[in-house]
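What follows draws every value from the coordinates through simple rules; no lab data is involved. Quick caveat: nothing in here was measured; it's all calculated off a predicted structure. FYI the Cβ positions are ideal-geometry reconstructions off the backbone, even for glycines, and counts take in every protein chain you see.
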Amino acid sequence: MILVSKYIVPKGYLGITLFPFIFFRYKNLKHNRVLVNHEKIHLRQQLELLVLPFYILYVIEFLVRFIQNKKWHLAYRNISFEQEAYRNEKDFNYLKKRSFLGFIKYY
């Protein structure tokens, strides 16, 4: 389910996925196929890891990347979950052919 809330989406970001919801900062983003696909990839990742472990791994990996890079945006972009989503967001058939735990190859 896609919802719109400028209060839930952190500043500097357009969307966030909190299983089972996708939140966008602005209403018109609901029609952005690439962004919606990106967030749907995150939904699949969260489902595969039974939700809570996804968030734990996400935060741990972000912290490790931040220590390595010392830059917030670079740490965020280097998280394996984000790498998978960004590299495949324009492939609208990706989720149909994606292997189970597909994010692992981006570690």
### Summary
Computed for the stretch 4-45: size of charge dipole around the Cα centre, +1 on C-beta of each Lys and Arg, -1 on C-beta of each Asp and Glu, debye to nearest 20, value 120 debye
### Message
Tell me the mean residue ellipticity at 222 nm calculated for the chain from its helices only (DSSP H runs of n ≥ 4, each -39500 (n - 2.57), averaged over every residue, nearest 500).
### Response
-15000 deg cm²/dmol
### Query
Pick from Lys90, Lys70, Lys40: which is most flexible by mean-square fluctuation in a GNM of the chain where alpha carbon atoms under 10 Å apart are linked?
Lys70
### Query
If you take the charge dipole of the chain about its Cα centre, with +1 on Lys and Arg Cβ and -1 on Asp and Glu Cβ, which of Asn32, Leu95, Pro10 is farthest toward its positive end?
Asn32
### Task
Please tell me which of these pairs span more than 23 angstrom C-alpha to C-alpha: Lys27/Lys96; Lys6/Lys105; Lys27/Lys97; Lys27/Lys71; Lys11/Lys70; Lys30/Lys96?
Lys27/Lys96; Lys6/Lys105; Lys27/Lys97; Lys27/Lys71
### Total charge dipole magnitude, the chain, about the Cα centre, Cβ charges on Lys, Arg, Asp, Glu only, Debye to nearest 20
360 debye
### Message
Take Ser99 and Leu57, extend 7 Å from each Cα along the Cα→Cβ direction, and tell me the distance between the two endpoints in nm.
### Response
1.4 nm
### Query
So how far apart, in nm, are the two label points at Asn28 and Tyr107 if each is 7 Å from Cα heading toward Cβ?
4.1 nm
